[in-house]
Amino acid sequence: MLGIAMGAVLDGVEAHVVRVEVDVSRGLPQFSIVGLPDSAVSESKLRIRSAVRNAGFEMPNQRITVNLSPASVKKRGAGLDLAIAMGILRASGQLPPARAPIGFCAEVGLSGALLTVPGMVNLALALRRAGIHRVVVASEAREHCIPVPEVDWFAYGSLQELAADLLAERLRSPLDFAGSPFLDSERAVSLADVHGLPAAKRALSIAAIGRHHTLLVGPPGTGKTMLAERLVTLLPRLSDSAALEVFAIHQAAGLPNRPSHVPPVRMPHHTVTAAGLVGGGTPLAPGEVTLAHHGLLILDELLEFRRHALETLREPLVHGRVRLVRSGHSRELPADFQLLATLNPCPCGQRGFADCRCTDTEVKRYWSRLSGPLLDRVDLVVSVAPVDTRAPGDTFVPPTPEQVAEMRGELTRRQTARGRGRSTEASDFQADAKAYLEQLGQRLHLSLRAQDSVRRVAQSVSVLEGESTVKSAHVEEALMLHGDLGRWL
Ligand SMILES: [Zn+2]
């Protein structure tokens, strides 16, 4: 007789649904599990045997074969215990077969107690994708569960309690969550509170609108880091589904965060390794780029970072995902982040702003430590000069996160309209702005990528200005912001 139960396992920050098939047949008593089990799954056998007996059921004294499919998924940890136990009880006719799909996500203790497993929200999201909307978890896992649309959580303390309900063909009421699961801390600081630096504030606003990767360059002590940290205060709140996705990643990575609509901000120390930045290790741990998914990755003092680590950023900067090859398998993790980096203009830190003591060769060598491919992906290079306290009060007021959200909507509408146009002429660029961009591209020998970057930044400038088309002035500002690095060389 065949018994089937559904479970899910965590691998890195991804979860996979696993179908547990149990066959109980005549033959010498034997208990085997097939489908790439690691040692923890083999240890499950001991726990499941005791748990089944202590829950008042019989462990069939026959040939028990457990198949975990798909075989290609590496199963780690004890998270399949409960699903395997359910499969055995169903295969031996001690529990009725499932009438509607249920996902079982718990470890079992020797006494039959259900124990919590890591990454509950990720497991539930994977089960939901597979059409399973009811998830049974351990009572003690309750604190790790949050409302997930179209998912009902059922918490049980032991195999005994669960089996009693399943025998009666019912489940207890699903977990009821009072209030919102989201902890949206109020923004204590804002970019608008920063005294002076109107040009930098404007550039950061443009960066927020277009999610442009940005480099802040200036002498030490000008507040580059403070500005970088405040970019998040301009960013629109995440949608519920994006916030849930971010939370699932952070929970699977073992971070003690609560779900939040505020985009994540990651600011790794410059000693971070390549694996720490993009992910790696066994079991696979997500890197900073994945933890910054839908949010900001701030690299303070970019040149202090290891060159090798910075070079690994190229792929996620291009694709918004990071691909890791592990034991012959290629794995992809989400990494759609906005990069914000800070940098001194030269070794002494004063070039372009005050008296620089560095030789040209030293400055060239300094900048050459930045990898070309990384620099290629930076859309904005913003100078942050020391605040001149005698300067008149600045008049630039950064947009609110709600305004930035509207401006992003406008950008998307324009890009969609452009995509639908039958020719490349269908564009939001005024004719003279378009000609200006082409002419500049030729004169300055801009690569196609650089031209594309300037085009996108010009669109963000035009949206910030509340204009419906891109004008020459917007192209000019975009080109300045794109940063001719020659300024410092
Ligand atoms: Zn210098």
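Please state the shape class of the chain: rounded when a/c is under 1.5, otherwise prolate if a/b exceeds b/c and oblate if not, all from the C-alpha gyration tensor. Don't jump to the answer; show the numbers that get you there.
Details: a/c = 2.62, a/b = 2.37, b/c = 1.10.
Prolate, because a/c is 1.5 or more and a/b exceeds b/c.
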Exercise. What is the gain in length, in nm to one decimal, between GLU402 and GLN30 on full extension, counting 0.36 nm per residue of separation less the C-alpha to C-alpha distance?
Worked result: 127.6 nm
Exercise. Can you give the extra length, in nm with one decimal, that the chain gains between ARG321 and SER190 once fully stretched, where that is 0.36 nm per residue apart less the Cα-Cα distance?
Worked result: 44.2 nm
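Packing-wise, with mean Cβ within 10 Å as the measure, how do 225-237, 302-314 rank, highest first? Don't skip to the answer; put the middle values down first.
Working: 225-237: 19.6, 302-314: 17.9.
The packing order, highest mean first, is 225-237, 302-314.
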Exercise. Hey, rough spin-label estimate for ARG314 and ALA450, points 7 angstrom out along Cα→Cβ, what's it come to in nanometres?
Worked result: 1.8
For this session: Can you spot the lysines whose alpha carbon is less than 23 Å from LYS224's alpha carbon? Ignore those fewer than 8 places along the same chain.
Result: LYS201, LYS364
Problem set entry | Sum of -39500 (n - 2.57) over DSSP H runs of 4+, divided by residues of the chain (222 nm, nearest 500) | -10500 deg cm²/dmol
Exercise. Hey, got the dipole for the chain? About the Cα centre, +1 on K and R Cβ, -1 on D and E Cβ, debye to the nearest 20?
Worked result: 1120
Seminar exercise, completed: Percent relative contact order for the chain, counting Cα pairs under 8 Å at least six residues apart, stands at 13
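Which whole-number percentage describes the relative contact order of region 2-167, with Cα contacts under 8 Å and a sequence gap of 6 or more? Please report the intermediate quantities before stating the final value.
Numbers: 393 pairs, mean separation 43.3, N = 166.
Taking the mean separation of contacting Cα pairs over the length of region 2-167, I get 26 percent.
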Seminar exercise, completed: As straight-line cross-link partners of LYS434, the qualifying lysines (C-alpha separation under 21 Å, not fewer than 8 residues apart within one chain) are LYS471
Exercise. Excluding same-chain residues fewer than 8 positions from LYS75, which aspartates and glutamates have a Cα within less than 17 Å of its Cα?
Worked result: ASP11, GLU14, GLU21, ASP38, GLU43, GLU107
Exercise. Among 171-180, 42-51, what's the highest-first ranking by average C-beta atoms within 10 angstrom per residue?
Worked result: 42-51, 171-180
Exercise. Want the number for GLN439 to THR273: 0.36 nm per residue separation, take away the alpha-carbon distance, what's left?
Worked result: 55.5 nm
Problem set entry | Cα shape, region 2-167, gyration tensor, a/c 1.5 rule | prolate
Problem set entry | region 115-163 and region 432-477: distance between their alpha carbon centers, rounded to Å | 51
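Throughout, read-outs are computed from the coordinates displayed, never taken from laboratory work. None of these values were measured; they are calculated from a predicted model. Heads up, the Cβs are rebuilt from the backbone with ideal geometry, glycines too, and the neighbour counts pull from every protein chain shown.
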